[in-house]
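This report refers to the structure that appears directly beneath it.
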Amino acid sequence: MKPTRAPQRDRRPERDRPRPGPVANQAMPAQRAVEVSAPATRQRPQRRQGALPAEKLPIILEVAPNSDYALLDSGDGEKLEQYGPYRIVRPEGQAIWRRALAQAEWDRADAIFTGDTDEEGIGRWRFPKTPLGETWPMKHDGIHYLGRFTSFRHVGVFPEQASHWDHMASMIERAARPVKVLNLFGYTGLASLVAARAGAEVTHVDASKKAIGWARENQEIAGLSQKPIRWICEDAMKFAEREARRGSHYDIVLFDPPAYGRGPKGEVWQLFADLPALTDLCRQILTPKPLAVVLTAYSIRSSFFAIHALMRDSFAGMGGTVESGELIIREKAASRALSTSLFSRWIAP
């Protein structure tokens, strides 16, 4: 957002802000999507030959309320969530309906994201009851990790991804052989921890040193420090390119890119421009007997049909199936569905 007269606060969701490197999962879906044009500097991959994979769509992957997380209510541009012991209120641009619960239920919140300051840390959060620390213990399916009140309304976990995590864990366990997983834009590491617990050897890549530190801390808290997780702080595209040159291979690749990002050396990531090349790289670094490639896309002005077509083209000649649709969270109060992101995944035959 360019200033008009005087410099103004950038109110864009973090996934739409320039930031160091294309760091994964930095924000929930944007209230305003971003459109970008492809630069002429990066060469787009050649179209793959061969029959397109089979397709299944639309698929809606749903996360229901549970003891670890629940979307209690939503509406009027906000959502009321239960993260472990805490009730949290955060903005949600897609919640254009009215709230179902009484105001008294919302007033029981332990933390409210206000967005009324640009200060780092917990300055953007208001604690109506007792002031809370920056972090607190959380749990997902028996995996312990740290929740954190960040300055951009996030808490370190994206519950809608649980559908992908469960699917990945089942593939790893059914494989009955060593499985290597690459988690690009890995953020705070929940997907990496789920994969490692299921028995995979994991490579976790994120361009943010802070996110890598948080993820390693989560590994210790989860009691998975002995599991084989390689933590790489690097630009995701550069890492994938280097792995392709090295001949490194993975059985499962997860990638969850932002709409826009800047690398530590000025690299520019634009999702519509660069996603085709990264998707092709993901194919190049698969093992001879791969299991899956999973793409999640937030904050883009598009339909899942766009990334569905890209994935089918990218995996032409490899058989299997491309499944695409949306990730949603089922609300507890009125059973409404809150859509959080688009996804497309190639499943090997």
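The values are calculated or read from the model by the stated rules, or taken from the named source; none is laboratory data. What you are looking at is a predicted structure, and each value in this text was computed from that prediction instead of being measured. All Cβ positions, even for glycine, are placed from backbone atoms using ideal geometry, and neighbour counts span all protein chains on display.
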message = Take the residues in segment 128-143 that are at pLDDT below 95 and either of a type in the set (Val, Ile, Thr) or in a strand (DSSP E or B) (or both); name whichever of them is surrounded by the fewest Cβ atoms within 10 Å (Cβ to Cβ).
response = THR130
ask   = For ARG98, are the conditions met, namely being surrounded by fewer than 18 Cβ atoms within 10 Å (Cβ to Cβ), out of contact with any Ser or Thr (no Cβ under 7 Å at 6 or more places or on another chain) and of a type in the set (Lys, Arg)?
value = yes
message = Can you find a residue that is surrounded by fewer than 23 Cβ atoms within 10 Å (Cβ to Cβ) and on the phi > 0 side of the Ramachandran plot anywhere in segment 295-316?
response = no
note = When every residue in segment 234-275 that is in contact with a helix residue (DSSP H, G or I) (Cβ under 8 Å, 6 or more places away or on another chain) and more than 30 Å from GLU173 (Cα to Cα) is compared, the one modelled with the lowest pLDDT is GLY263
key: Answer from ALA215, ALA211 - the residue that is at pLDDT 95 or above, buried (at least 20 other Cβ atoms within 10 Å of the Cβ) and either not in a loop (DSSP other than H, G, I, E, B) or not assigned by TED's automatic domain parsing to the domain that holds ASP280 (or both)   = ALA215
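Restricting attention to segment 145-152, does a residue exist that is under 17 Å from ILE88 (Cα atoms), assigned to a strand (DSSP E or B) and of a type in the set (A, V, I, L, M)?
For segment 145-152, residues under 17 Å from ILE88 (Cα atoms), assigned to a strand (DSSP E or B) and of a type in the set (A, V, I, L, M): present.
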